[in-house]
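A quick write-up on the structure given underneath.
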Amino acid sequence: MRTIFIVVVAALAGTALGAGMAYNQFTPIPPGGLEIALADSGPVEQREMHPRILIDDATTFNFGVMDRGQEGQHTFEIKNIGAAPLTVEMLNKTCKCTNVEVDPTTPVAPGDICRVVVHWRAESYTAEYRHGATLGTNDPSNPMIELTVEGRVQPNIRAEPMSVAMTNVLVHETRKASFIVFAYRDENLQVLDHHWLNLENDRNFDLEIHPLDPEIVKSEPGALSGVQVDVTLKPGLPLGQFHQDLQLVTNASGVAELSLFISGNIVGDITLSGRNLIGEKNLLKWGGIPSGEGGTTVVNALIKGPHRDEINLSVVEVFPENTLQVTVEEARMVGSVKMVPIKITVPAGAETINCYGNDDASPMGRIVLATGHPDMDRLQLDVRFAVTK
């Protein structure tokens, strides 16, 4: 039985061999021989049609710690390990603080390298930064690639906040504000000197420096020490807006000076509020009022301070007196503030008039009130309006 099996197998093998020899004998072999398809790579002609990308390093690079304003640079190398030219072009970048250079800009031959240089600048105090670019290629397997640089912005010294606004400070009021200054490279931050840069009002400011509570220092990631800067605004500034720049001289490594900014406005015990009112200018921008309809608006006088109960508003002047009708209504308390509504009316049928204040021929309207306040006995409200047909 075994002998019969061997004979059959041998016969089949001989038949196959003979057929193959006959094929070779009567069928010509094409120039270059037969094309053999590899199971793991596809036909040779298909493989030769495309480029192929290889990036030796990771597509994300960690630059580490940077100071605010510091510039960084990293080069990514993209090698063409395919069999056709590779094209690489920049499609998009994360922000305007990032620049990307692709070299060469011409197709990269097989075996050659394209270098992509990413430049960036740490513009803010955001703890973590992440910048990069999106590139387009003609590699069918990688039509788009993301190249990223990341790290942490950690300045030598930083103030929180950088600026403060002291709004609606009363003439006789003392107002305080504080800054916290952290140091990230020095274990004993000190303020060696300071300068008030606005010499018009520097005498109205006082400064105190205190070591920062260790618990507050610990709460700030990366901080080693710090100070608290307390600024006091003393009474005496005139009504209106003010600003002051404070320059600190410290012992922080690499930082000669740190600038802090203070702004605000001084008001009296009487302030005005209302719709379309620019409070710091006591200007009511009422706009156009149709003569056939007329109009009414209300401005509130807010009275506070030690003379609050002594103040009683009354109308002493109105312009134009034939157009504007003004009534001081009954006061009421809102917390510790006395609020007095001032009703302003343009009656229906009033003559057309331009009071926009664009030139001498069209002066703005005005309302002058007597207050009874020892420091401000008159209060003027300008009204920009027009009565139209």
Extension gain, Thr60 back to Met90 (0.36 nm per residue minus Cα-Cα distance, nm): 9.2 nm
Classify segment 138-185 from the C-alpha gyration tensor, please: rounded if a/c falls under 1.5, else prolate or oblate depending on whether a/b exceeds b/c. oblate
Can you tell me, using C-alpha contacts under 8 Å and at least 6 residues apart, the relative contact order of segment 255-389 as a whole percent? 29
Quick check: the angle from helix 2-26's long axis to the longest principal axis of the chain, C-alpha only, nearest 10 degrees? 80
Using only helices, what value at 222 nm comes out for the chain when you add -39,500 (n - 2.57) per DSSP H run of length 4 or more and divide by the total residues, to the nearest 500 deg cm²/dmol? -3000 deg cm²/dmol
Label point distance in nm, Val117-Asn188, each placed 7 Å from Cα along Cα→Cβ: 4.4
If you rank Thr371, Thr345 by fewest surrounding Cβ atoms within 10 Å, what's the result? Thr345, Thr371
Within segment 154-254, which GluC sites (Glu not before Pro) sit in a loop by DSSP and count at most 16 neighbouring Cβ atoms inside 10 Å? Glu173, Glu187, Glu200
At R0 = 25 Å, FRET efficiency that the Cβ-Cβ distance of Glu77 and Met49 yields, to 0.05: 0.55
Separation of segment 178-198 and segment 324-341 by C-alpha centroid, Å? 46
Scan around Glu123 for amide H atoms under 5 Å from its own, H built in the peptide plane at 1.01 Å from N, and keep only partners 5 or more places away or cross-chain. Gly69
With the Cα gyration tensor of segment 341-389 giving a ≥ b ≥ c as the square roots of its eigenvalues, does the rule (a/c under 1.5 for rounded; else a/b larger than b/c for prolate; else oblate) give rounded, prolate or oblate? oblate
Is the C-alpha gyration tensor of segment 236-317 telling us rounded, prolate or oblate? Criteria: a/c under 1.5 is rounded; beyond that, a/b larger than b/c is prolate, otherwise oblate. oblate
Taking every other residue with Cβ under 11 Å from the Cβ of Gln380 and scoring Lys and Arg +1, Asp and Glu -1, one gets +1
Dipole magnitude (debye, nearest 20) for the chain, charges at Cβ of Lys, Arg, Asp, Glu: 940
If I model the chain as equal point scatterers sitting on the Cα atoms and use the Debye formula, what is log10 I(q)/I(0) at q = 0.06 Å⁻¹? -0.57
Burial ranking of peptide ranges 301-307, 217-223 (average Cβ count within 10 Å, highest at the top): 301-307, 217-223
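Quick note: the coordinates plus some simple rules give every number you see, no bench work behind them. Being a predicted model, the structure only gives us computed values, none of them experimental. Neighbour counts run over all protein chains shown; Cβ positions are idealised from the backbone, glycine included.
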